[in-house]
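Since the structure comes first, as structure tokens, the remarks are kept for the end.
The values are calculated or read from the model by the stated rules, or taken from the named source; none is laboratory data. Computed from a predicted model, the values in this text were never measured in an experiment. Note that each Cβ is placed from the backbone with ideal geometry, even for glycine, and that neighbours are counted across all protein chains shown.
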Amino acid sequence: MVTTRPDTRHARSVAEAVPDPELPMLTLADLGVLRDVETTEDGTVVASLTPTYSGCPAMAEMRADVAARLRAAGYARVEIRTVLSPPWTSDWITESGRRKLAEHGIAPPGAAPRGPVPLVLSPTQRTVPCPRCGAADTEETSRFAATSCKALWRCRACREPFEYVKEI
Ligand SMILES: [Zn+2]
């Protein structure tokens with residue numbers, strides 16, 4: 001049996017376009033979750049993913065989605081690898097990903113904490129500008145929105161609730 005090495009660039013573009021299950025306006029490339037796509041001489045496409053929030057239940061779905069999309073694109077042999085190091089941080093969300101979040105009324109994460117995170121008993125004070133009107137007068141209403149990677153906020157200026165992707 002003769003196998004040909006798959007077209008790496010095409011396989012990569014297929015994997016990059018897979019939407020995130022929890023933030024479907026973002027692709028896995030926007031999210032920074034898709035680390036690499038390689039091909040091997042025996043015709044296997046190897047996609048490497050880094051999970052976002054530890055224990056994020058969407059990871060299994062992401063893996064299955066990438067494998068399904070690649071198979072649908074004609075790649076019979078697909079391998080999905082999980083890369084845990086370096087760990088994902090919300091800083092890996094691309095500029096276009098942040099723009100898409102804001103366009104969908106979701107506040108993108110701020111800069112991730114650097115180095116050892118000091119243990120503090122009070123929640124850190126941060127300003128999350130309203131993605132709809134830009135006002136800084138906002139408040140957190142729930143630490144956990146529909147998914148654990150988002151918090152629920154409300155704008156006091158336009159009174160609209162909005163979701164905020166937490167930075168880690
Ligand atoms: Zn507002």
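When region 132-166 is filtered for residues that are of a type in the set (A, V, I, L, M, F, W, C), more than 12 Å from the ligand (Cβ to nearest atom) and loosely packed, with under 15 Cβ neighbours inside 10 Å, the ones remaining, listed by number, are 144, 146. Consider residue 84 carefully, then state whether it is out of contact with any Cys (no Cβ under 8 Å at 6 or more places or on another chain) and either surrounded by 13 or more Cβ atoms within 10 Å (Cβ to Cβ) or among the aromatic types (Phe, Trp, Tyr) (or both). Judged against the criteria, residue 84 is not a match. Filtered by the rule that a residue be of a type outside the set (A, V, I, L, M) and modelled with pLDDT under 90, region 1-36 gives 3, 4, 5, 6, 21, 22. Scanning region 63-84 turns up one or more residues that are modelled with pLDDT of 90 or more, charged (D, E, K, R), in contact with a helix residue (DSSP H, G or I) (Cβ under 6 Å, 6 or more places away or on another chain) and within 30 Å of residue 6 (Cα to Cα).
Condition check ((1) over 15 Å from the mean Cα position of the chain (by Cα); (2) within 23 Å of residue 164 (Cα to Cα)) across all residues:
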position	(1), (2)
8	yes, no
18	no, yes
33	no, yes
47	yes, no
69	yes, no
80	yes, no
84	no, no
98	no, yes
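Residue check: residue 134 meets all listed conditions (1) modelled with pLDDT of 95 or more; (2) on the phi > 0 side of the Ramachandran plot; (3) of a type in the set (Gly, Ala, Ser) but one, namely (1).
Pick out, from region 1-104, the helices (runs of 4 or more DSSP H) lying fully within it that include 2 or more residues that are charged (D, E, K, R). Talk me through it step by step, then tell me what you get.
Details: elements: 8-16, 28-31, 58-72, 95-103.
Once the helices (runs of 4 or more DSSP H) in region 1-104 are filtered for at least 2 residues that are charged (D, E, K, R), what remains is 8-16, 58-72, 95-103.
Output yes when any residue across region 111-129 is within 13 Å of the ligand (Cβ to nearest atom), at pLDDT 90 or above and in a loop (DSSP other than H, G, I, E, B), and no when none is. The answer is yes; a qualifying residue exists.
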